[in-house]
Amino acid sequence: MTSKAECELVAPFFDAEYYAQSNQAVLASGVDPLAHFMSRGWREGRDPSAEFSLVYYLRMREDIAAAGVNPLLHYAMAGRAEGLATRRGMDAERRLIESARAPSDRGRDWAAGGDRGPACDASTLRQRLADALDGRAGLVVSISHDDVEANVGGLQNVVGEERLAFERLGYVYLHLSPALPLPTLAPKPTKHPFHYVVRAGRERLGLAESLDLTAILRDLRDSGVGLFVIVHQLLGNAPEIVADIAKLSTIPVVAWAHDYFTICSNFNLLSNDVRFCGAPPTNSGACGICVYGADRLAERPRVQLFFSQIRPRIIAPSDVTLAFWLAHAELSHSGAAVQPLARLILGPATTHGYGQPGRSLRIAHLGHQSFPKGWPVFERLAARFGSDPRYDFFHLGQRTRFTGKIRHIPVRVTRDAPDAMLEKVAELAIDVVVNWAPWPETFCYAAHEAIAGGAFLLTCRAAGHVPRIIADYVPEQGLVLDNEQALLDLFEDQGLRAVLDRATRRRGLLLPQGGTADWLVRSKHGDSQLRAPDFSQDKFALEAPGRG
Amino acid sequence: MAELHCFTSASFAYLDRVRVLAETLAKHNPNWKLWLCLVDQEPPGFAFHPEQDGLAGVVRISELGIPNLRTQIFTHDIVELCTLVKGAMLDQMLARGADRVVYLDPDIAVFDTLAHIECLLTQYDVVLTPHQVEPDELPSAIRDNEIGSLKWGVYNLGFLAVAGTLEGRRFARWWRDRLLDHCYDDVPSGLFTDQRWCDLVPAFFDGVHVLRDPGYNVASWNLSRRPITIDENGDIKAAGRPLRFFHFTKVNWVGEAMIERYSGGRVEVFELMHWYRRRLMVHATHGLPKSWWAYGTYADGTPIPHAHRRLYRDRADLREHYPNPFTAGPAAFLP
């Protein structure tokens, strides 16, 4: 029997909400989680909190395991005083390493998916494209890794905005994505056909066999239709097929660096999903111990061949990304430019400062609970300061895992509600957003949304584009720290409050941009914001893709 | 580059490790020929193809000229026997004309060229790597590492390089002889297999070099002073020096707990460890019964407890009365 005294001893280390959430199937309604844990849960290996791993604790103390003692009770009575750890160090990072798999391996799991519908008849496709082009200025052919109308994400947003912009300018926007999405390049084309999902505008025309599609586009081009090929993403594509299509472009092809996929199939450049690698040589020791190393080595020549054949204009969504790509990609290209995915328009400083009187500072993580978005650091911050009355922790976004002491606020950004996140940041009067990407983010919507929502932005030097947002837009509404320890130190003493007292709160708007269309317009008019010296001799004209 | 002969010692249970060693050695040191000293026999139906495993050849324990072999096998457990053969194998390789011999434990993986070892063997007769090459500071690290070295030996015998010189051969003969008589895990008696013996080597022999470069023989017992980092060129470093080889001792949660203790909050060493685990999976040995060791059981399959081995070792009368201790049945030693 468990005594009341024993329950009182372990209670400070027991997280009833965590336990209830983690054991919904076995906890009958009305059963007290702590009573369940003390009577049988610990024997069944059910962890008492996210911070206490029974398996780990017993492995570290085999004597306790042999004695059959309740590990949490031992911790409360002795282990804590002895300084015993309750969870293995760097658990989040080590789990990532342990679960990391080569994309070529993961791709086998994807093989059963995809769109396996019959390919559209070539003559039908030809006719539908001809109909769509009737009276239009030209044809934009945009290629990415998935069906942008069926999926949600930053790249899909940009393609959507780009389509609208081109359509407003009188162009037909044809989007091609692999019928079978993959986390790698598609296999080299062989006798097996490669199918694209084809959309003209938002309308799904169906599946098209790549040879048919290439022939139709060639005929259109030869009949005088202006073609402009934009490669948003090579992922899931066979670069040899994309090159065949790109060669039909009547003006120089544009290839986007939305991420670092052209450098490595880990497009975040996170070695073993956990450490920013900086894109070392493919034959380096680092690539040798990385699950992505062999795939990178195999895919690299195909990507190089594509770039040497096409020599596209590179567009990156931020200057940090472009600089990194130029320094590390080592791929042929004929020019490079920056085109932000959205622009932050800031209002005047408000009179409302941070930290409303009478309540704790509100600290939030926006978006995915993933390592590339810095979730483990936020989780550790919340674990350490979750009981500190000075702070309340929030997660705004779609919840994919239990958040413990972090209050979850469901937020879903969609095409119909693009401002849902920044509006929620403002509505909740979030004081601080912690954005701790461990890699140089190419374009971080969440950081923009944080600032537009009026929050103070805390980030790390490694986050690439995010520190530049602070430097460029809001030097008084953000702080860049060197490492996680500096973040913990800031929360530990009165440092954060002092920083916020000196800060200025502004709110703003996030204006979506038109992707390549926007860049073309800016290029033509020589917009001073365009950082593209290589385009000074550009003979692009917006009219270039037109007929004749 | 001239060939250099290298060997490792293992039973079939470590064949996956041997394969990773062979693979990584061939990648960085293609002129090194790896031999396996096999301390085991194939289970029925098990096909062993050394050439497919990247081995230059296999020398079985029975081919080393070890006197009273059956008794030697019975009186040593698997770790003791796999270390006992190292002296005899080294001695035999040098006797047969190898001008340089390097030993590497099967649970080592090579990450860079070892050409410097070849250079050292032109200047020295014996090269040893200490477990630690600088003092620790934390009390727990002093206990784990420095006191550990005082118990188990100053030098880690996962690595040894010997030149075929007179002094090198004198060392090999001495080591062989001592191991044939005293290769036991008996720390209270001052013995720890082949390893404690080598504490005497700098005193007994000339031309001994203590290799203190932190890139060689990195393991949990020296990680506290040799943080694993990876630089912007993708070069893996230990204490800022190129990582030459890592000794993946105990690829289980015990070994990982030690690595965690001394990881210094860095993830690179865990990347290294999981790379090694993945390679072991790639090179997994198929068709081997679980816990197989040909010398681990009596003839009827009953496991031989350590106490039986010890008893047989200590009692001359038993050895005389039961010349084949592996025998099972009414007339057997099996107590």
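The values are calculated or read from the model by the stated rules, or taken from the named source; none is laboratory data. Keep in mind the model is a prediction, meaning the values are calculated, not measured. Ideal geometry is used to build each Cβ from the backbone, glycine not excepted, and the neighbour counts take in all protein chains shown. In case anyone asks, the SASA skips ligands and DNA or RNA and just uses the protein heavy atoms, side chains included. Shrake-Rupley method; radii C 1.70, N 1.55, O 1.52, S 1.80 Å.
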Which ranges mark the strands (runs of 3 or more DSSP E) fully within region B:100-178 that have 1 or more residues being crowded, with 22+ Cβ neighbours inside 10 Å, of a type in the set (Lys, Arg) and in contact (Cβ under 8 Å) with a residue 12 or more places away in the chain? B:100-104
Suppose we keep only residues that are open to solvent by 20 Å² or more (accessible area, probe 1.4 Å) and among the small types (Gly, Ala, Ser) within region A:201-248. Which one would you say is farthest from A:GLY117 (Cα to Cα)? A:GLY224
Picking from A:SER271, A:SER265, the residue that is closer than 17 Å to A:ARG101 by Cβ, facing chain B (nearest Cβ under 10 Å) and under 18 Å from the mean Cα position of the chain (by Cα) would be A:SER271
Where in region B:1-77 are there strands (runs of 3 or more DSSP E), lying wholly inside it, with at least 1 residues that are surrounded by 22 or more Cβ atoms within 10 Å (Cβ to Cβ) and out of contact with any Pro (no Cβ under 9 Å at 6 or more places or on another chain)? B:4-10, B:32-38
Within region A:247-270, does at least one residue satisfy the condition of being in a helix (DSSP H, G or I) and assigned by TED's automatic domain parsing to the domain that holds A:TYR196? no
Among the listed residues A:VAL26, A:VAL10, which satisfies the condition of being surrounded by fewer than 16 Cβ atoms within 10 Å (Cβ to Cβ) and either in contact with a His (Cβ under 8 Å, 6 or more places away or on another chain) or farther than 25 Å from A:THR400 by Cβ (or both)? A:VAL26
I'd like the full set of residues that are in contact with a helix residue (DSSP H, G or I) (Cβ under 8 Å, 6 or more places away or on another chain) and surrounded by 19 or more Cβ atoms within 10 Å (Cβ to Cβ), limited to region A:172-185. A:VAL172, A:TYR173, A:LEU174, A:HIS175, A:LEU176, A:PRO181, A:LEU182, A:PRO183, A:THR184, A:LEU185
Taking A:THR214 and the conditions (1) in a loop (DSSP other than H, G, I, E, B); (2) modelled with pLDDT of 95 or more; (3) β-branched (Val, Ile, Thr), which numbered condition does it fall short on, given that it satisfies the others? (1)
What number of residues within region A:78-109 are among the hydrophobic types (A, V, I, L, M, F, W, C) and over 20 Å from the mean Cα position of the chain (by Cα)? 5
Looking at (1) free of Cβ contacts under 8 Å to residues at least 40 places away in the same chain; (2) out of contact with any strand residue (DSSP E or B) (no Cβ under 7 Å at 6 or more places or on another chain); (3) open to solvent by less than 50 Å² (accessible area, probe 1.4 Å); (4) in the same structural domain as A:TRP256 (by TED's automatic domain parsing), which is the only condition A:MET90 fails? (4)
Of the residues in region A:406-440 that are in contact (Cβ under 8 Å) with a residue 60 or more places away in the chain and among the charged types (D, E, K, R), the one that is least open to solvent (accessible area, probe 1.4 Å) is A:ASP431
Odd one out for A:ARG95 among (1) modelled with pLDDT of 85 or more; (2) within 14 Å of chain B (Cβ to nearest Cβ); (3) open to solvent by 70 Å² or more (accessible area, probe 1.4 Å); (4) more than 27 Å from A:ASN151 (Cβ to Cβ): (4)
Residue by residue through region A:359-393, note down the ones that are of a type in the set (Asp, Glu) and not in a loop (DSSP other than H, G, I, E, B). A:GLU379, A:ASP392
Quick one: is A:GLY83 closer than 26 Å to A:ALA5 by Cβ, within 14 Å of another protein chain (Cβ to nearest Cβ) and either exposed (fewer than 15 other Cβ atoms within 10 Å of the Cβ) or in contact with a His (Cβ under 7 Å, 6 or more places away or on another chain) (or both)? yes
Which residue pairs have Cβ atoms under 7 Å apart, sit 6 or more places apart or on different chains, and have a first residue in region B:217-235 that is farther than 15 Å from B:ALA109 by Cα and away from chain A (no Cβ under 14 Å) and a second that is open to solvent by less than 30 Å² (accessible area, probe 1.4 Å) and in a strand (DSSP E or B)? B:ARG226/B:VAL218; B:ARG226/B:ALA238
For residues that are more than 8 Å from every other protein chain (Cβ to nearest Cβ), open to solvent by less than 10 Å² (accessible area, probe 1.4 Å) and in contact with a strand residue (DSSP E or B) (Cβ under 7 Å, 6 or more places away or on another chain), tally how many sit in region A:283-320. 5
A:PRO280 fails exactly one of (1) open to solvent by less than 10 Å² (accessible area, probe 1.4 Å); (2) assigned to a loop (DSSP other than H, G, I, E, B); (3) more than 9 Å from every other protein chain (Cβ to nearest Cβ), namely (3)
Among the residues of region B:263-292, which ones are part of a loop (DSSP other than H, G, I, E, B) and more than 12 Å from chain A (Cβ to nearest Cβ)? B:HIS283, B:ALA284, B:THR285, B:HIS286, B:GLY287, B:LEU288, B:PRO289, B:LYS290, B:SER291, B:TRP292
Just name the residue that is nearest to A:GLU379 (Cα to Cα) out of those in region A:394-451 that are among the aliphatic types (A, V, I, L, M) and assigned to a loop (DSSP other than H, G, I, E, B). A:ILE406
